[in-house]
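Notes follow the structure.
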Amino acid sequence: MNIYQLIEQIKSNRDIMDNVTHWEVIGGRGAMYGPFPPGIRQELIEVLGKKGISRLYSHQSEAIEQVEQGKDVVVVTPTASGKTLCYNIPVINAILENDDARALYLFPTKALSQDQVSELHEILTQLDHPIKTYTYDGDTPVSARKAIRQAGHIVVTNPDMLHSGILPHHTKWVKLFENLKYVVIDEIHSYRGVFGSHFANVIRRLKRICRFYGSNPRFICCSATIANPKELAERITGREMVLIDQNGAPSGQKHMIFYNPPVVNKQLGIRKSSILETRRLASIFLKNGIQTIVFARSRLLVEVLLTYLKELMQARPGRQETIRGYRGGYLPNERRDIERGLRDGSILGVVSTNALELGIDIGRLQVCIMCGYPGTIASAWQQAGRAGRRSESSVALMVARSSPLDQFIIQHPEYFFKASPELGLINPNNLYILMSHIKCASFELPFEDGETFGVDTLDQVLEYLEEEKILRHVGGRWYWTADSFPADAVSLRSAADENFVIIDISTPHHRVIGQIDRFSAPMFLHEEAIYIHEGIQYQVEKLDFEEKKAYVRKVDVDYYTDASLAVNLKVLDVFKTEEGDRIGRSWGEVMVTALVTMFKKIKFDTHENLGWGPVRLPELELHTTAYWATLEDHPAGLQSQDELQNALMGVTNVLGQIAPLYLMCDPKDINVVYHVKSPFTQKPTIFIYDSCPGGVGFSEKLYEIHTDLFEKAYEVISQCGCDTGCPGCVGPAAEVTDQGKALALRILGGIILDNQPEGKAKSHFFELPFK
């Protein structure tokens with residue numbers, strides 16, 4: 001059956017439709033056009049005409065016109081709306097006008113870099129002018145690098161390579177930096193949190209080197225729909241941006257389906273596994289030969305789903321290999337092979353983390369299934385946009401998990417389909433991150449007295465580095481004196497450095513099969529953990545913390561593992577605080593100690609617990625920022641310690657899932673802990689802290705939206721259909737007791753009442769706890 005027939009079949013299937021909470025048909029829309037701006041060369045217009053582009057969409061025309069006028073721009077339109085022409089046309093035009101002109105393209109991933117070069121080559125091969133475009137990343141052969149440095153008009157790279165492979169060696173890139181006219185930053189919404197904070201500092205270093213060589217490039221940025229694209233682009237580039245957000249591209253019809261797995265225990269509010277339901281729904285399309293992409297929230301889920309779908313296709317001769325996995329940790333050749341297979345149709349289905357969310361051209365996919373809400377509305381639209389890029393009609397299906405965030409989105413579709421409330425937050429001046437890049441910048445060029453680098457207190461930082469024998473102050477300049485190469489010690493993906501490599505010892509010739517960051521290693525690579533890679537199971541034989549290596553061996557077992565984390569928190573400093581009658585709020589610096597204590601063995605298919613084992617690894621320390629809410633001694637009249645503990649447990653479970661609605665972050669980017677009686681405040685206290693060293697602004701934002709946060713938590717719990725608590729609100733009743741839900745509502749009702757403006761009438765929120 002084709003996609004249209006399958007849509008009708010699903011509509012007539014009561015077993016599926018009973019669990020569909022919303023079916024939105026987003027109708028196709030016609031195109032709006034604009035002219036080629038004056039100044040675009042005729043030869044370029046003719047080449048575009050041969051590709052079927054005789055006129056521009058309105059947003060392309062406006063963006064190119066602003067760029068030609070010397071403005072920095074940020075273009076915010078949906079996936080597959082032709083954003084690439086917004087920068088390719090002005091860049092190619094500038095090189096046609098002046099052969100010395102240069103451009104730097106920055107993409108967040110290597111895969112996206114490779115894809116965009118292919119598209120650019122299609123235009124350049126038809127021009128008589130020899131414009132040389134090269135990808136410069138970790139996969140570029142050493143033999144080709146010299147030619148790229150000397151002759152490349154357009155250098156396509158990623159932030160990691162710019163940080164460690166180009167800026168520290170700027171003396172080899174003189175031609176590029178002297179003539180750099182444009183810097184293109186695609187998918188700028190993905191530069192948020194730790195990654196975005198690092199990237200803003202890399203851009204500071206880039207601009208500093210450009211000033212040294214006498215160039216002043218314009219910035220052309222592209223973004224998915226978020227609440228603050230202009231503000232985010234301005235914080236990253238340090239420039240005032242012109243926002244282009246009126247989409248002129250046509251679009252085909254898209255069926256956006258919200259699916260909530262059926263409740264299997266009404267009293268406890270337990271739903272059928274989202275993984276098993278995703279497998280069932282994906283099988284409908286895959287068995288009918290419909291090319292499908294399945295997105296999962298984690299590496300582990302990718303491998304679990306991949307295992308299931310490969311088993312599903314085993315009954316069809318030769319079809320098992322048409323289902324592939326795609327995630328971070330795969331080697332470059334594996335990723336390229338999968339991307340190629342998706343484009344040429346030899347791969348029928350792919351299970352991916354958000355690594356394929358960005359604008360890589362992966363062909364004629366018609367169906368996207370999201371196993372769980374991706375964490376942000378922007379990501380959900382990006383993932384949905386992966387289907388229908390080359391077809392008239394497409395399906396995007398979101399399968400909810402039991403978490404409060406998923407349940408809120410799946411039951412409040414109006415929240416999802418209205419304007420995005422999410423903010424892209426970064427903190428380039430996080431001291432851990434800033435210090436790393438000041439070192440890198442000092443290595444690249446000496447700082448001069450009075451120079452700034454994002455902060456006014458730069459001289460104090462430089463003096464500290466001189467005390468540490470890293471810099472030397474001579475003649476008004478600060479020179480690098482250390483033996484080390486600073487960029488090598490800085491990972492842009494985490495505030496802390498040091499990744500662990502994963503080594504397969506199943507054969508005599510040991511080989512590296514992947515890598516993982518330092519904070520995740522104890523959770524996923526403790527001894528006896530089952531690590532899954534490309535659907536193949538490995539058991540961790542040894543985790544060497546000193547050498548940062550995990551040794552794994554192939555196994556074939558019917559379970560996977562999940563580790564538990566114990567956390568302690570201590571307040572070090574208070575930046576802001578405000579007291580209320582029933583609740584106070586604060587923002588400050590904390591030290592968190594985390595220890596992986598045990599792991600559970602979870603059986604495939606049934607997901608039952610097969611047993612557990614201890615984990616013996618060193619404790620990890622984290623200095624970061626936190627927001628905390630301090631309650632009165634006996635909130636909502638709760639006298640019993642047990643009642644208070646169960647209420648706080650329920651509230652923290654919801655807060656940890658709801659906060660990402662406002663922060664545009666993964667739930668794992670923040671952590672929530674509660675103290676029945678905090679050693680610092682001496683009162684019941686709920687802490688929410690940033691997961692990265694130094695913090696990146698999440699906790700400060702939560703301090704500002706304190707009232708909204710608790711109101712949303714109340715709404716989620718009060719509207720949940722369970723009786724006494726479930727994974728979709730306060731957590732299972734077995735954890736928070738039968739009274740956990742009611743107790744959490746009593747506490748939240750009191751908090752919200754305390755935060756009502758003077759004279760405001762009580763809303764419906766407060767009726768339930770005080771009946």
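The values are calculated or read from the model by the stated rules, or taken from the named source; none is laboratory data. Keep in mind that what you see is a predicted model, and the values were worked out from it rather than measured. Please note: Cβ atoms are built from the backbone with ideal geometry, for glycine as well, and neighbour counts cover all protein chains shown. These accessible areas exclude ligands, DNA and RNA; they are computed on the full protein's heavy atoms, side chains included. Shrake-Rupley method; radii C 1.70, N 1.55, O 1.52, S 1.80 Å.
So that you can scan it fast, the table gives a plain yes or no per residue for (1) closer than 30 Å to Leu423 by Cα; (2) in contact with a His (Cβ under 6 Å, 6 or more places away or on another chain); (3) not polar (S, T, N, Q):
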site	(1), (2), (3)
Phe212	no, no, yes
Ser215	no, no, no
Pro261	yes, no, yes
Lys266	no, no, yes
Ser274	yes, no, no
Arg280	no, no, yes
Ser283	no, no, no
Check your understanding: Restricted to the stretch 433-453, and to residues that are β-branched (Val, Ile, Thr) and assigned to a helix (DSSP H, G or I), which residue is nearest to Arg477 (Cα to Cα)?
Key -> Ile438
Exercise for review: Pairs only if they're at least six apart or on different chains, beta carbon under 9 angstrom, first in the stretch 43-55 and without any contact (Cβ under 8 Å) to a residue 60 or more places away in the chain, second open to solvent by 90 Å² or more (accessible area, probe 1.4 Å) and outside any loop (DSSP other than H, G, I, E, B); list them, first residue then second.
Suggested key: Arg55/Tyr33
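For the stretch 237-254, indicate whether the set of residues that are more than 30 Å from Pro90 (Cβ to Cβ) and not acidic (Asp, Glu) is non-empty.
In the first step, residues of the stretch 237-254 are kept if they are more than 30 Å from Pro90 (Cβ to Cβ); the result is 253-254.
Subset that is not acidic (Asp, Glu): 253-254.
Yes - at least one qualifying residue is present in the stretch 237-254.
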Check your understanding: Of the residues Gly650, Gly656, which is more than 28 Å from Val194 (Cα to Cα) and small (Gly, Ala, Ser)?
Key -> Gly650
Check your understanding: How many residues does the stretch 253-306 contain that are acidic (Asp, Glu) and either assigned to a loop (DSSP other than H, G, I, E, B) or modelled with pLDDT of 95 or more (or both)?
Key -> 1
Point to revise | Residues of the stretch 615-641 classified as under 25 Å from the mean Cα position of the chain (by Cα) and within 28 Å of Gly740 (Cβ to Cβ), total | key: 3
**Study point:** All positions within the stretch 675-696 that are surrounded by fewer than 23 Cβ atoms within 10 Å (Cβ to Cβ) and either within 17 Å of Gly196 (Cα to Cα) or hydroxyl-bearing (Ser, Thr, Tyr) (or both)
**Key:** Ser678, Thr681, Pro693, Gly694
Practice item. Output yes when any residue across the stretch 29-44 is under 32 Å from the mean Cα position of the chain (by Cα), modelled with pLDDT of 90 or more and over 24 Å from Leu180 (Cβ atoms), and no when none is. Key: yes
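Could you check the stretch 62-71 and list, in sequence order, the residues that are in contact (Cβ under 8 Å) with a residue 60 or more places away in the chain and open to solvent by less than 10 Å² (accessible area, probe 1.4 Å)? Please lay out each step first, then the result.
Of the residues in the stretch 62-71, the ones in contact (Cβ under 8 Å) with a residue 60 or more places away in the chain are 62-63, 66-67, 70-71.
The answer is Ala63, Val67.
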Review point. Ser391 passes all but one of (1) part of a loop (DSSP other than H, G, I, E, B); (2) surrounded by fewer than 22 Cβ atoms within 10 Å (Cβ to Cβ); (3) modelled with pLDDT of 90 or more; which number fails?
Key: (3)
Study note, to complete from the structure: Reported set for the stretch 588-611 where residues are open to solvent by less than 40 Å² (accessible area, probe 1.4 Å) and either assigned to a strand (DSSP E or B) or touching a Pro at 6+ places or on another chain (Cβ under 8 Å) (or both) is Gly588, Val590, Val592, Thr593, Ala594, Val596, Phe599, Ile602, Gly611
Point to revise | Flag if Ala80 is open to solvent by 10 Å² or more (accessible area, probe 1.4 Å), assigned to a loop (DSSP other than H, G, I, E, B) and on the phi > 0 side of the Ramachandran plot | key: yes
Check your understanding: Among the residues of the stretch 569-577, is any surrounded by fewer than 14 Cβ atoms within 10 Å (Cβ to Cβ) and under 27 Å from the mean Cα position of the chain (by Cα)?
Key -> no
Check your understanding: Just a yes or no: is a residue in the stretch 328-346 surrounded by 15 or more Cβ atoms within 10 Å (Cβ to Cβ) and either in a strand (DSSP E or B) or modelled with pLDDT of 90 or more (or both)?
Key -> no
**Study point:** Search result, residues across the stretch 674-713 that are in a loop (DSSP other than H, G, I, E, B), in contact (Cβ under 8 Å) with a residue 40 or more places away in the chain and hydrophobic (A, V, I, L, M, F, W, C)
**Key:** Phe680, Cys692, Val696, Ile705
**Study point:** helices (runs of 4 or more DSSP H) fully within the stretch 98-190 counting 2 or more residues that are loosely packed, with under 13 Cβ neighbours inside 10 Å
**Key:** 110-124, 142-151
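Looking only at residues in the stretch 411-427 that are of a type in the set (A, V, I, L, M, F, W, C) and at pLDDT below 85, which one is most open to solvent (accessible area, probe 1.4 Å)? Spell out the reasoning first.
Kept after step one, since they are of a type in the set (A, V, I, L, M, F, W, C), are these residues of the stretch 411-427: 416-417, 419, 423, 425-426.
Of the ones still in play, those that are also at pLDDT below 85 are 419, 423.
Working: Ala419: 83, Leu423: 34 Å².
Ranking the qualifying residues of the stretch 411-427, first place goes to Ala419.
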Revision key, fill the gap. Those residues of the stretch 506-527 that are open to solvent by 40 Å² or more (accessible area, probe 1.4 Å), over 16 Å from Lys542 (Cβ atoms) and small (Gly, Ala, Ser) come to a total of 0
Practice item. Mind listing whichever residues of the stretch 191-220 are part of a helix (DSSP H, G or I) and open to solvent by 10 Å² or more (accessible area, probe 1.4 Å)? Key: Val194, Phe195, Arg204, Lys207, Arg208, Arg211, Phe212, Tyr213
Review point. Lys549 is checked against (1) over 20 Å from Leu305 (Cα atoms); (2) surrounded by fewer than 15 Cβ atoms within 10 Å (Cβ to Cβ); (3) among the basic types (Lys, Arg) and fails just one. What number does that condition carry?
Key: (2)
Check your understanding: Could you list, in sequence order, the residues of the stretch 710-732 that are open to solvent by 10 Å² or more (accessible area, probe 1.4 Å) and farther than 22 Å from Tyr415 by Cβ?
Key -> Asp723, Thr724, Pro732
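For the stretch 454-488, give me each residue that is open to solvent by 80 Å² or more (accessible area, probe 1.4 Å) and outside any strand (DSSP E or B).
Pass one, the stretch 454-488, residues open to solvent by 80 Å² or more (accessible area, probe 1.4 Å): 456, 460, 463-464, 467-469, 472, 475, 477, 479, 483, 488.
Answer for the stretch 454-488, where residues must be open to solvent by 80 Å² or more (accessible area, probe 1.4 Å) and outside any strand (DSSP E or B): Asp456, Gln460, Glu463, Tyr464, Glu467, Glu468, Lys469, Gly475, Asp483, Asp488.
Residue-by-condition table, conditions (1) at pLDDT below 75; (2) under 20 Å from Cys665 (Cβ atoms):
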residue: Ile362; (1), (2): yes, no
residue: Val367; (1), (2): no, no
residue: Met370; (1), (2): no, yes
residue: Pro374; (1), (2): no, yes
residue: Gln383; (1), (2): no, yes
Check your understanding: Does Asn201 satisfy being farther than 25 Å from Gly697 by Cα, of a type outside the set (D, E, K, R) and in contact with a Ser or Thr (Cβ under 9 Å, 6 or more places away or on another chain)?
Key -> no
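If you go through the stretch 431-442 one residue at a time, do you hit one that is open to solvent by 70 Å² or more (accessible area, probe 1.4 Å), more than 24 Å from Ser699 (Cβ to Cβ) and at pLDDT 85 or above?
No, the stretch 431-442 contains no residue that is open to solvent by 70 Å² or more (accessible area, probe 1.4 Å), more than 24 Å from Ser699 (Cβ to Cβ) and at pLDDT 85 or above.
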